[in-house]
Structures are given as C-alpha cells and as structure tokens.
1. With the cut-off at 21 Å, tell me which of the pairs 219/321; 146/219; 48/170 have Cα atoms farther apart than that.
2. Using the Cα centre as the reference, give the magnitude of the dipole from point charges on the C-beta atoms of segment 2-124 (Lys, Arg: +1; Asp, Glu: -1; all else neutral), rounded to the nearest 20 debye.
3. Can you give the % of DSSP beta bridges in the chain that are antiparallel, to the nearest 5?
4. Take every Cα pair under 8 Å in segment 277-325 that's 6+ residues apart, average their separations, divide by the length, and report that relative contact order as a whole percent.
5. Enumerate the calculated ³J(HN,Hα) couplings along segment 137-146 in order (Karplus 6.51 cos²θ - 1.76 cosθ + 1.60, θ = phi - 60°), each rounded to whole Hz, writing x wherever the residue is Gly or Pro.
6. Taking the Cβ-Cβ separation of residue 88 and residue 53 as r and a Förster radius of 35 Å, what is the calculated FRET efficiency to the nearest 0.05?
7. When only C-alpha pairs under 8 Å and at least 6 residues apart count, what is the relative contact order of segment 2-124, in percent?
8. Just the Cα atoms of segment 2-124, one point each, no solvent: what log10 I(q)/I(0) does Debye give at q = 0.17 Å⁻¹?
Amino acid sequence: MRVAIVGCGGMGNVHLRDLLQMESQGFDVDVRYLVDIDASRAEALRAKYGLREVEVLTDYRRALGKVDAAVIATPHAEHYQQIMDFVASGAHVLVEKPMVCNLRQALDVYEAWRKSGLVVEVAFQRHFEKPWIAARDLISKGVLGKIEMVSMILGQAYTGVKGTWRAIRKISCGGELIDSGSHFMDVALWITGLRAEEAFAYMDSRGFEIDINTALVAKLEGGPLLLFTVAGDDPGWLEVEIFWGEEGRLIVQPPAVLLQRRKGEGEAVNLEPYPQSRPAFNFVRAIEKLEDNGSPPVCGLRVQELADAAYRSVELGRPVKVAELYEEMGARRP
Ligand SMILES: NC(=O)c1ccc[n+]([C@@H]2O[C@H](COP(=O)([O-])OP(=O)(O)OC[C@H]3O[C@@H](n4cnc5c(N)ncnc54)[C@H](O)[C@@H]3O)[C@@H](O)[C@H]2O)c1
C-alpha cells in the first residue's frame with residue numbers, strides 16, 4: 001500500500017511513526033511521499049526516520065493517482081479539498097480532526113465516502129483508547145439506562161497558539177471549540193450514539209480572532225441535555241466527561257473511569273479487558289479488512305453539526321437547531 005503523508009508537522013510525525021511501526025510488523029505499508037508546503041519540514045521527517053527512498057513534495061496534487069492511501073495532517077482549512085481530491089483519485093484517507101471546517105463540507109465528505117467504498121477515517125484517537133472504549137461499551141450495554149445528561153470540561157493552555165496558524169481564523173476555521181473541543185464533542189456523541197438537536201453558546205475570544213473560552217449548552221435527540229465548558233486559558237490540560245443516566249453516573253477522567261450506580265458502591269471500572277490502539281493502526285487494518293473503520297466520516301459530520309449550531313448561535317444570539325442548518329443547505333440529514 002503506497003502512502004503519502006500530507007503535512008509533516010506534529011501529527012504528520014505521529015502518524016508516520018505509527019505507520020512505520022506497522023510496516024516493521026509486516027503490514028503492507030510503503031510510505032512514498034512526504035508532502036509539506038514547507039519542504040524543510042518534510043525533509044526533517046525524512047532525515048529523522050532515515051527514509052532515503054521517500055520523495056519530498058510541496059504540492060499534494062503531485063501524489064494523486066500515485067498512492068493508495070493518504071494521511072492528512074495539515075491545518076484545518078486544507079483538509080476538505082485534500083480529502084475530496086484523494087478520495088476522487090481512489091485513495092483511502094486518514095484525516096486529522098476536525099474533519100473539515102463546516103457542515104456543508106462535512107456532508108460532501110460523508111457523501112463522497114459513502115459512494116467511494118474507501119476507508120475514510122477521522123483521527124479521533126479516543127475511539128481506540130481504553131477509557132472511552134470502556135465508557136461506550138458500558139453505556140451501549142445499558143449500564144446507565146437511558147442517558148439523561150452529559151457534561152464535559154476541557155481545559156488547555158490554548159492562548160499559547162498566538163502567532164501560529166491556529167490563531168488565524170481563515171486557516172483554523174475556529175478556535176478551541178473545534179480544535180481540541182472536537183474530541184470532546186465527538187466523545188459525547190459517539191459514546192451515547194446520540195445526535196445534537198439544538199445548541200446555544202457564549203464565546204470569549206480573549207483578544208484573539210478565534211474562540212478561546214466557550215460555554216455551550218445543547219439538547220440531544222430524545223431529550224438529554226449536554227453542557228460543555230471549554231476553558232482555553234487553563235494552566236495545563238484538563239479532561240473530564242460525565243454521563244448521567246436513569247441508573248447512575250459514569251465519569252471518564254483519563255486514565256480512570258468511575259461508575260456510580262444508583263444503588264450500591266461506586267467503582268473504578270477495570271480497563272484491562274479493553275483494547276488500546278492508534279488511529280493509524282486501525283486505518284491500515286481497516287484497509288486490509290481486518291478491523292472495522294473505528295472512526296468514519298459520520299463521526300466528523302455529527303461533531304460538525306453541533307459545532308456549526310454553536311457558532312451560528314453566537315452570531316444570532318439564540319439557540320440554533322441542527323435541522324435549520326440542513327434546511328438552509330436544502331439537504332436531508334443523513
Ligand atoms: N489528534 C490530536 O490529538 C491532534 C493533536 C494535534 C494536532 N491535531 C491535528 O493535526 C492537524 C495538524 O496539526 P499539527 O499540530 O500537526 O500542525 P503543525 O503546524 O505542527 O503541522 C502542520 C503542517 O502542515 C503543513 N502544511 C500547511 N499547509 C499545507 C498544505 N496545503 N499541504 C501540505 N502541507 C501543509 C505545515 O507547513 C506544517 O508543517 C490539525 O488538523 C490538528 O488539529 C490533532
């Protein structure tokens with residue numbers, strides 16, 4: 001399987017490392033191109049891993065038709081065209097989060113993926129990590145009964161993005177809500193299996209042109225409420241997701257998952273039986289039909305529905321229904 005890595009920064013490095021690990025384990029992985037508009041970054045990666053045979057490109061379009069798979073780890077505004085071009089060329093795609101920049105693009109990617117029969121995967125790594133796999137397993141087995149409410153807290157020293165592409169709205173397409181926040185919105189929706197119905201947010205940009213702090217409330221289909229605190233000026237990193245159901249409460253505070261049933265003692269969930277993997281490992285195995293695609297474009301679409309409703313609510317100063325966004329596009333919600 002011939003592969004191009006597009007975007008040779010932080011996450012390009014991580015995915016390349018994982019793919020080389022797959023190759024060393026005997027998987028059919030042949031990295032052919034390292035692509036970056038800044039050739040020195042691609043060259044640095046090539047030197048780091050001693051990949052003398054690998055070609056450095058500054059334009060991903062030169063790899064179209066010459067690879068079977070592409071890993072896209074570029075700034076957010078680049079994702080859409082790169083995904084669509086690789087899929088049109090018949091290549092499988094692993095794309096970093098957020099999948100794209102808006103709901104129209106997310107729907108296009110979703111539809112292109114459905115028609116293509118290819119593996120298109122969004123690198124939401126929590127889908128492959130023990131705490132979240134355990135939480136999803138327990139909730140889908142009905143341990144909490146019907147879900148009533150979800151609350152998430154994200155803290156990150158996001159003001160550190162000053163001077164980078166992340167602080168430029170037309171390249172990042174938004175701030176902490178869709179950057180690290182996309183993981184949390186995905187966790188809430190993927191774990192509960194519910195879609196967002198309506199959202200309202202207040203955002204504080206703290207002098208940036210992107211959102212830094214966000215207070216988001218939403219209704220999920222069937223009635224459960226969702227609350228998301230995004231504290232982009234945290235001194236470090238903080239992650240908590242809490243799920244309340246008729247039968248109890250589950251807290252995901254990595255590395256721990258804590259279950260409190262309505263009757264009886266609280267317990268730390270034993271995570272040992274659950275698997276631990278990485279997006280790139282699943283991507284290769286899904287292409288080889290050894291595993292299901294653990295994070296298909298529908299996950300990116302569901303996150304974008306919630307994100308777009310939240311951003312639109314800030315513009316309009318009122319709650320926005322996801323149905324309104326589809327109506328505006330003249331599209332049916334998949
Ligand atoms: N899953 C995670 O936890 C996680 C963590 C960090 C970043 N990310 C995501 O990974 C992606 C990349 O982020 P990063 O932190 O690696 O950024 P980065 O700035 O370290 O790297 C991005 C690279 O893309 C290159 N680039 C820009 N435009 C390009 C283009 N048109 N074609 C090819 N290369 C181009 C840049 O020169 C840079 O080398 C983003 O989507 C980001 O949100 C995910």
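The values are calculated or read from the model by the stated rules, or taken from the named source; none is laboratory data. Treat the numbers as computed from the prediction; the structure is a model and nothing was measured. As a convention, Cβ positions derive from the backbone with ideal geometry for all residues, glycine included, and neighbour counts pool all protein chains shown. To get the accessible areas, we keep the full protein, side chains included, count just its heavy atoms, and leave off ligands, DNA and RNA. Shrake-Rupley method; radii C 1.70, N 1.55, O 1.52, S 1.80 Å.
1. On the way: 219/321 9 Å; 146/219 15 Å; 48/170 31 Å.
Too far apart for the 21 Å limit: 48/170.
2. Values: 14 positive and 17 negative charges, 12 e Å.
The calculation lands at about 60 debye.
3. Values: 40 of 66 bridges.
Looking only at bridges with both residues in the chain, the antiparallel portion is about 60 percent.
4. Values: 21 pairs, mean separation 10.1, N = 49.
21 percent.
5. Result, ordered by residue: 4, 5, 5, 5, 7, x, 4, 9, x, 5 Hz.
6. On the way: r = 27 Å, r/R0 = 0.77.
The computed FRET efficiency comes out at 0.85.
7. Working: 216 pairs, mean separation 29.3, N = 123.
Rounded, it is 24 percent for segment 2-124.
8. -0.79
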